[in-house]
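Here's the structure we're looking at; comments come further down.
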Amino acid sequence: MNITHFVENLNRGGLERMVLDLVKEQHRQGHKVQVVCLFERGSLAGELDALGIPVAACHKRTGFDLRALGRARQLLAAHYTEVLHTHNAVAHYQAVLASAGMGIRQVVNTRHGMGAQRKPGRREWLFRRALKATDAVVAVCEAAREDAVRRGIAPAAKTCVVPNGIVLDGFDIASDIMHERLTRLIRVPRGTRIIGSVGRLNWAKDQMSLIRAFRIVRHTRPDTALVLVGDGELRETLRAAAFDEGVAGCVHFLGDRDDVRDLLQGFDLFALSSVTEGYSMALLEACAAGLPIVATDVGGNAEIVHDGATGHLVPPCDPSALAAAILDLLHATQRASTLGLAARAWVEAHGSMEAMAARYGRLYFGDMEHAS
């Protein structure tokens, strides 16, 4: 098939990583795939360049940009697009507008989160208008699908669930060697227990609660360090919070990294403090690294982290509960190891890229019943 993926950009993030891995798998299967970016190409585009997979940018400006729409339309036509797969709301209604009247066989949209934007009004209105020319709306977890139907964002008849998947090849389980390497990187004593988190530094990930929880953890376990991988608009605010909480010297901000897999293998446990989440790629990768997990019970997290089986679930915005769950795993090392191995077994069975690509393949042929 000739497949066009339409995104805002390919900057570093969970959505973008999922798109890159899906595009690579579809390319490997012999499909003709391209990626069209509504704004800039983004920092991850080079990975597709290396494989000869086209990535083009429309460089959309603020407001209605007819030139960007024309560029998108040219790219869709030149690719002889049969399947238009858009990602999230803005990319979707822009792509639908650009492709009007082109007769594209299948138009699929994936909503990667819970849609919990702070001011979603106009965006969701435009998204709903675009659904007339949309064959399927994919939610990445059942919680997100139910929420979208309940809020009237998408009709039930057009929705289905395709959970995210990750590439497991070469994804090794956490080890003492990688742990020691990470301790050297962040310059902490050998034997320091490392609590790690991966995600953009923004309001949705609520690293503020994690830092506050870590202060409680440090009071009982001074042999711990917190590592935050990722960047975002709250970086300096979070640095200030770590200082205010008295833990600035043991909270390590590593920024955006291209060695996240290696870093995960050096963690002792993984913590995710989000206030909203779809189907977290970061959690899937933590499972692949065999890490015990503490995560907030929001969105699709409970569909990945099974409380008491692969980790602990706690309420959002509750640093005390988050700290208690982290301390429980730090104290019970054997049970934490068992939870981590169970997480790895679960992701091998349910979270592979191959499984996700097969579901999308069925959906591209209109088989919604067997896509979920």
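Observations
- Residue among G299, G366, G351 that is closer than 20 Å to K24 by Cα and either modelled with pLDDT under 95 or of a type in the set (S, T, N, Q) (or both): G351
- Scanning the stretch 262-281 for residues that are at pLDDT below 95 and either among the hydroxyl-bearing types (S, T, Y) or outside any loop (DSSP other than H, G, I, E, B) (or both) turns up T276, Y279, S280, M281.
- Among (1) within 25 Å of M368 (Cβ to Cβ); (2) touching a Phe, Trp or Tyr at 6+ places or on another chain (Cβ under 8 Å), the one test that Y80 misses: (2)
- Residue count for the stretch 164-179, restricted to those that are among the aliphatic types (A, V, I, L, M) and either without any contact (Cβ under 8 Å) to a residue 60 or more places away in the chain or not in a loop (DSSP other than H, G, I, E, B) (or both): 3.
- Residues satisfying the stated conditions in the stretch 204-235, i.e. without any contact (Cβ under 8 Å) to a residue 60 or more places away in the chain, among the β-branched types (V, I, T) and part of a helix (DSSP H, G or I): I211
- Single match in R73, R111, R105 (criterion: within 30 Å of A157 (Cβ to Cβ), charged (D, E, K, R) and within 25 Å of the chain's Cα centre (by Cα)): R111
- G290 vs. criteria in a loop (DSSP other than H, G, I, E, B), on the phi > 0 side of the Ramachandran plot and out of contact with any Cys (no Cβ under 7 Å at 6 or more places or on another chain): yes
- Set A133, A98, A156, A139: member being surrounded by 15 or more Cβ atoms within 10 Å (Cβ to Cβ), under 23 Å from G299 (Cβ atoms) and not assigned by TED's automatic domain parsing to the domain that holds R344: A139
- Subset tally (residues that are in a helix (DSSP H, G or I), in contact with a Gly (Cβ under 8 Å, 6 or more places away or on another chain) and either of a type in the set (V, I, T) or not assigned by TED's automatic domain parsing to the domain that holds W346 (or both)) for the stretch 180-196: 1
- Candidate set from the stretch 141-163 (those that are part of a loop (DSSP other than H, G, I, E, B) and within 20 Å of the chain's Cα centre (by Cα)); member that is nearest to L284 (Cα to Cα): P163
- Lone qualifier among S273, S320 - being among the polar types (S, T, N, Q), touching a residue at least 60 places away in the same chain (Cβ under 8 Å), surrounded by 24 or more Cβ atoms within 10 Å (Cβ to Cβ) and on the phi < 0 side of the Ramachandran plot: S273
- Qualifying residue in the stretch 251-259 (condition: closer than 27 Å to D328 by Cβ, in a strand (DSSP E or B), aromatic (F, W, Y) and at pLDDT 95 or above): yes
- Boolean, L201 is assigned to a loop (DSSP other than H, G, I, E, B), hydrophobic (A, V, I, L, M, F, W, C) and in contact (Cβ under 8 Å) with a residue 12 or more places away in the chain: yes
- Only one entry of R344, R359 meets the criterion of being of a type in the set (K, R) and either without any contact (Cβ under 8 Å) to a residue 40 or more places away in the chain or not assigned by TED's automatic domain parsing to the domain that holds D147 (or both), and that entry is R344.
- Out of V35, V19, one residue alone is aliphatic (A, V, I, L, M), under 23 Å from P163 (Cα atoms), out of contact with any helix residue (DSSP H, G or I) (no Cβ under 8 Å at 6 or more places or on another chain) and in the same structural domain as H87 (by TED's automatic domain parsing). It is V19.
- Selected residue (criterion: modelled with the lowest pLDDT) from residues of the stretch 185-237 that are within 18 Å of T333 (Cβ to Cβ) and of a type in the set (G, A, S): G191
The values are calculated or read from the model by the stated rules, or taken from the named source; none is laboratory data. Fair warning: this is a prediction, and the values are worked out from it, not measured in the lab. We place every Cβ from the backbone using ideal geometry, glycine too, and count neighbours over all the protein chains shown.
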